[in-house]
Amino acid sequence: MGVAKQETGGGRAGGAAEPGAAARILIVDDQRFDRMRIKRLCGGLDFPTRLAEAESLAALAQQLDEGEFDLILLDYNLPDGDGLRGLQLIRDHARNGNVATVMVTGTDQTDVAIGALRGGCSDYIAKDELSQSTLRRSAFNALQKSALQLGVATQEQKRTEVQSVLRRFTKECAQEIKPMVSDMMRDLRALDRSNPALIEEELAKVDYTFLRLWEFVEDLASFQGSELADGDLSDPPKPTPGLGAGWGGGLG
């Protein structure tokens, strides 16, 4: 289960990897000649690469556990299984489950290619058609699809997290506001109307509290959920501390 690693040069590819970083490519093929051929073709890609090899599904599983990859070139015919089984190993892997994958098939294996695409493969190449241009095209297509899928998944996860935070935030706001409004209504009903000076003083406190409450609701109305996306979602905003403190929690 020997593993060979090699770095190749090249220019930058748009969006293939981080600027200045080499794309990590795993070549899975049981034939040493074919692995050497693919390595040579990878050396002609328009971006720097780091190459690793695996000659079987067992070696693939080991590589997935030990490294992290941007692209996997997966041969269909392997000694301990087929490429579709290898694709399943990749998709089920916690760290490399979303890696761009290209299936390398035989000339008359159209059904295999269709099954690979349905199973989440980014692209496929017939081994007899493998060349510098076909590898470059498939590598670019696979890396772009993978980046797009990752971006969509990240945005969906962020949207879900923001919704969860807003639900917690709304619940906390309600818990803060409801007791205060209830107390004000109770105290207004119990207000001693026989003392005009006291009434004026207490109504001024109530008026101040309602003003604070109005400002708080205005803040909620103008709040942009996108602000959460740029912040720490584990620390959601809190209701205004001390809301209504100006009236002392009661009248009289």
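Determine the gain in length on full extension of the stretch Arg193-Lys145; use 0.36 nm per residue of separation and subtract their C-alpha separation, reporting nm with one decimal. Walk me through the intermediate numbers first.
Numbers: separation 48, 0.36 × 48 = 17.28 nm, distance 7.32 nm.
That works out to 10.0 nm of additional length.
In sequence order, what are the phi-derived ³J(HN,Hα) couplings for the range 138-144 according to the Karplus relation 6.51 cos²θ - 1.76 cosθ + 1.60 with θ = phi - 60°, rounded to whole Hz, with x for glycine and proline?
5, 5, 4, 4, 5, 5, 5
Quote the FRET efficiency, to the nearest 0.05, computed for Glu200 versus Lys171 with a Förster distance R0 of 51 Å and r equal to the Cβ-Cβ distance. Mind showing how you got there, number by number?
On the way: r = 37 Å, r/R0 = 0.72.
E(calc), rounded to 0.05, equals 0.90.
Which of the peptides 58-68, 134-144 is most tightly packed, and how do the rest follow, going by the mean number of other Cβ atoms within 10 Å of each residue?
134-144, 58-68
Every number in this text was worked out from the coordinates using simple rules, so none of it is lab data. It should be emphasised that the depicted structure is a prediction, and the values quoted were computed from it without experimental measurement. Glycine gets a Cβ as well: all are built from the backbone with ideal geometry, and neighbour counts include every protein chain shown.
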